[in-house]
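Asker: Below: one structure in structure tokens.
The numbers here are math on the coordinates, done by the rules we state, and not lab data. Here the structure is a predicted model, which is why all the values come from computation and not from measurement. For neighbour counting, all protein chains shown are included, and Cβ atoms are generated from backbone atoms with ideal geometry for every residue, glycine included.
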Amino acid sequence: MGEKPHADTDNVRYVQPEAEQIVARNAAWQPLVAPELGRMRTSADGLVFYSSRGPGHKGYHVCLECGRAEPAAEVAGGHKPLEGHRPLRGTRRNGDGLCPGNEKSFKITAPIALGYEAITDVAEIQPVGLETEGAAWAAVAALREALSRRIGIETNEIGMAVRSARTPLGQLTHSLYLYDRATGGAGFAPQAVRLFEDLLSEAARILDCAELGCVRGCSACVLTADIFDQQEIIDRQAARTWARATLTSLGCVTEADRAAPEARYCASLADALVQAADGDAQTITLWAGPETDPAGLANELFALTARQIVARGKRLRLVVEPAWLEGLDAAARLALRDSATTLELDLRKGAPPTHLNGARTLAHADGGKPSAWVSREHAAASLGSQWGQAAIRISTQSAPLTQGIDLDSLLPPSGTQYLEMTDQLDGDLVGFGRRFAALLLPPIRMVGGSGCLVGITYSDRYLQTPLTVRLLAEAARGPRDALGGDGDLTVQVVTNPLRKNERQPFAPDHDWQYGEDRDEVLIGLLEQAGFNVNLADSGAVHGRAMSLHFANGNTVRVVLDQGFGPWRAPKVARFDFGVDAATQLTRLSQFNAIISARGAGYAVVTT
């Protein structure tokens, strides 16, 4: 007979878990409604790292032969780690039944921590005024409970954490983390940023616990099973004071931002517009700023908001400035037309109403009580990632009359060659230039591009990542090789200074933090490809276009409505921004991966 069955899997004991390490990667900060109240950010590429160093935090010895681990704290003097251990299930044994790793000392590691990481949705809220850890735990627990109630989920579907931090002005506070426990994310935690003002109101009510004997926190308000270890320090009363003070501040607009007497801060313009569409507003009017990129109309936040408004049976007008419309190239006009058709926008042109404090109108909601949202921040009017930030809501008159735009007037002129780009250029990075030339040479020749190529000019104000710079170098090389350009061919690149990047870049499609690194790598890549390079790092206008100059005097213009931005490397690809520019250049020139486009848009070839 075999051994008697039992449930004793060696010696099982409880090991105190260690706090998760959470990073909201590749995410930019935005004001917590009003900048002086704090800041917040959300990331769909957040990292949650779980680890254990065992009893006494001394680590574990691990057998690399079978995988068995032993806490370093239990290794007595003179005793070898894992000495005479039996293998785990499925590993071959010696004749005496022991693990072969006993005979190979190098198979037993020095003390190490055990851990794993999960990629998920992370929201980080860093308010001003949460100086104590107990208040921070109570605040994040109340916000989690409020969020769970709002979106109808169980609280255990969202994890939470607290970490000491300092604001940009050096004030002591705490970062509040909410993250989706589901690996890969479920879209729950990011709602805390979009719905912050509403959640804060509910959190204040939760913190105002009426249970008898609740002083610091109880199971009826903020004390949950996963913060059992914080029960001695949690402080709901301090958190309640912070929540009430912040709610009061939200109604106190600074004099500089007060465009009207009853002005109030708006946490999320997108949410406010959808709520207006749920009410008596029949028409929502949006005013696009002069820095708007037509590709921004496909931005997830803007496109989702537009669809939600139209789905409620309300009319959505998009008003653009006449001078901005006239300055668009053919590809950008096509992108604007396509977005207006897809999102069912009533496209119009006109100047936005402005106010005495310099604020411009971002949006109108016409109904029983017309409202407007205004901002003094220019970026808030651009229909992109910063759309609607720092918005102030005021009561106003109905939106002024504007002139309609015939969508057919946005079509390219006769003779222009138009290409809709999907996955034609996907593939290995080193072959991008060859595919680029093969796709575009037929329309280039059809509009008069013939003879020897003598120069290339490329203008793009969004050349900000290593991948776009490398794609530009490959794309310039392709037509040069196919059209027989000589060795002295010059490439003129016009771009703009890098925008401020508060993120932590680590991938080839992340923005550089330092403009000098971008410039040196860009020039170096093109020189390695055999070009003479002239770089102007300012003065790039709207649009992304490559002009090919021929020996016979002809110039063919290839307009890419989204430039080289749509192509992405695999998520596992990494780029080291911490090394010097010369090393970055070497590594980027040797980098290769399978790239794919996320909606490459249009290419328009014209003279």
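Asker: Taking +1 at the Cβ of each Lys and Arg and -1 at the Cβ of each Asp and Glu, which of Gly350, Gln386, Ala277 sits farthest along the dipole of segment 262-409 towards its positive end, judged by Cα position relative to the Cα centre?
Answerer: The residue sitting farthest along the positive end of the dipole is Ala277.
Asker: What's the percent breakdown of Cα-Cα distances in segment 459-557 across 10 Å bins, shortest bin first?
Answerer: Bins of 10 Å from zero give 15, 47, 29, 8, 1 percent of pairs.
Asker: While we're here: Mind checking the full-extension length gain between Leu98 and Arg150? Use 0.36 nm per residue of separation minus the Cα-Cα distance, one decimal, nm. Walk me through the numbers on the way to the answer.
Answerer: Numbers: separation 52, 0.36 × 52 = 18.72 nm, distance 5.61 nm.
Roughly 13.1 nm would be gained on extension.
Asker: Need the C-alpha centroid separation for segment 360-422 versus segment 466-523, integer Å.
Answerer: Going from one Cα centre to the other spans 31 Å.
Asker: Given Cβ point charges of +1 (Lys, Arg) and -1 (Asp, Glu) and nothing else, what value in debye, to the nearest 20, does the dipole of the chain about its Cα centre take? Display every interim value, and only then the final one.
Answerer: Values: 60 positive and 71 negative charges, 81 e Å.
Its charge dipole is roughly 400 debye.
Asker: Let me ask something else. Given contacts defined as C-alpha pairs under 8 Å and at least six residues apart, what's the relative contact order of segment 412-606, whole-number percent?
Answerer: Relative contact order of segment 412-606: 33 percent.
Asker: Please compute the contact order of segment 262-409 in relative form: average sequence separation of alpha-carbon pairs under 8 Å and at least six residues apart, divided by the residue count, as a percent. Please report the intermediate quantities before stating the final value.
Answerer: Details: 296 pairs, mean separation 48.4, N = 148.
Relative contact order for segment 262-409 comes out at 33 percent.
Asker: Oh, and also: Treat every Asp and Glu Cβ in segment 412-606 as -1 and every Lys and Arg Cβ as +1, leave all other atoms uncharged, and give the resulting dipole magnitude about the Cα centre to the nearest 20 debye.
Answerer: Values: 18 positive and 21 negative charges, 91 e Å.
Dipole about the Cα centre, nearest 20: 440 debye.
Asker: Also, I was wondering about something else. How high is the relative contact order of the chain, in percent, counting Cα pairs under 8 Å that sit 6 or more residues apart? Don't skip to the end; give the middle numbers.
Answerer: Numbers: 1274 pairs, mean separation 63.6, N = 607.
In percent, rounded to a whole number, it is 10.
Asker: Could you order peptides 557-567, 307-317, 149-159 by the average number of other Cβ atoms within 10 Å of their residues, highest first?
Answerer: Working: 557-567: 24.4, 307-317: 16.8, 149-159: 14.3.
Going by the mean number of other Cβ atoms within 10 Å, highest first, we get 557-567, 307-317, 149-159.
Asker: How large is the convex hull of the C-alpha atoms of segment 412-606 per residue, in Å³? Walk me through the numbers on the way to the answer.
Answerer: Values: hull volume 21.6 nm³, N = 195.
It comes to 111 Å³ per residue, whole-number rounded.
Asker: Next up: Mind jotting down the distance between the C-alpha centroids of segment 528-574 and segment 158-202, whole Å?
Answerer: Cα centroid to Cα centroid, the span is 39 Å.
Asker: With unit charges on the beta carbon (Lys/Arg positive, Asp/Glu negative), name the residue among Thr586, Ser459, Ser52 whose Cα is farthest towards the positive pole of the charge dipole of the chain.
Answerer: Ser52
Asker: Still on this structure: Cys218: net charge of surrounding residues, Cβ under 14 Å, Lys/Arg +1, Asp/Glu -1, itself excluded?
Answerer: Working: positive: Arg216, Arg236, Arg240; negative: Glu145, Asp208, Glu211, Glu232, Asp235.
Here the count lands on -2.
Asker: Jot down the per residue volume, in cubic angstrom and as a whole number, of the convex hull over the alpha-carbon atoms of segment 70-209. Please report the intermediate quantities before stating the final value.
Answerer: On the way: hull volume 29.5 nm³, N = 140.
Value for segment 70-209: 211 Å³ per residue.
Asker: Helix-only estimate, please: 222 nm mean residue ellipticity of the chain, summing -39500 (n - 2.57) across DSSP H runs of length 4 or more and dividing by its residues, to the nearest 500. Walk me through the numbers on the way to the answer.
Answerer: Numbers: 12 runs with 147 residues, N = 607.
Here the helix-only value at 222 nm equals -7500 deg cm²/dmol.
Asker: Report, in debye and to the nearest 20, how large the dipole of segment 262-409 comes out about its Cα centre when Lys and Arg carry +1 and Asp and Glu carry -1 on their Cβ.
Answerer: On the way: 14 positive and 17 negative charges, 80 e Å.
In debye, rounded to 20, segment 262-409 gives about 380.
Asker: Evaluate E = 1/(1 + (r/R0)^6) for Val215 and His378, where r is the Cβ-Cβ distance and R0 equals 56 Å; express this FRET efficiency to the nearest 0.05.
Answerer: On the way: r = 49 Å, r/R0 = 0.87.
Efficiency computed from Cβ-Cβ geometry: 0.70.
Asker: Which percent of Cα pairs goes in each bin when the distances of segment 262-409 are cut into 5 angstrom slices starting at zero?
Answerer: Reading the bins upward from 0: 2, 10, 21, 25, 23, 13, 5, 1, 0.
Asker: Also: In nm, what is the difference between 0.36 nm times the number of residues separating Glu83 and Asp208 and their Cα-Cα distance? Don't jump to the answer; show the numbers that get you there.
Answerer: Working: separation 125, 0.36 × 125 = 45.00 nm, distance 5.69 nm.
Once the chain is fully extended between Glu83 and Asp208, it gains 39.3 nm.
Asker: First measure r as the distance between the Cβ atoms of Ser538 and Gln16, then evaluate 1/(1 + (r/R0)^6) with R0 = 60 Å and state the FRET efficiency to the nearest 0.05.
Answerer: Values: r = 56 Å, r/R0 = 0.93.
Using R0 = 60 Å, I get an efficiency of 0.60.
Asker: Counting only DSSP beta bridges with both residues in the chain, tell me the antiparallel percent, nearest 5. Walk me through the numbers before you get to the answer.
Answerer: Values: 79 of 98 bridges.
Antiparallel: roughly 80 percent of the beta bridges in the chain.
Asker: Using 0.36 nm per residue of separation minus the Cα-Cα distance, give me the extension gain between Glu516 and Thr607 in nm, one decimal.
Answerer: Details: separation 91, 0.36 × 91 = 32.76 nm, distance 3.37 nm.
Result for the pair: 29.4 nm of gain on full extension.
Asker: In the chain, how many lysine pairs have Cα atoms under 22 Å apart, counting only pairs 8 or more places apart or on different chains? Working shown, then result.
Answerer: Values: Lys58/Lys80; Lys58/Lys107; Lys80/Lys104; Lys80/Lys107; Lys314/Lys349; Lys314/Lys369.
Step by step, the pairs that qualify in the chain add up to 6.
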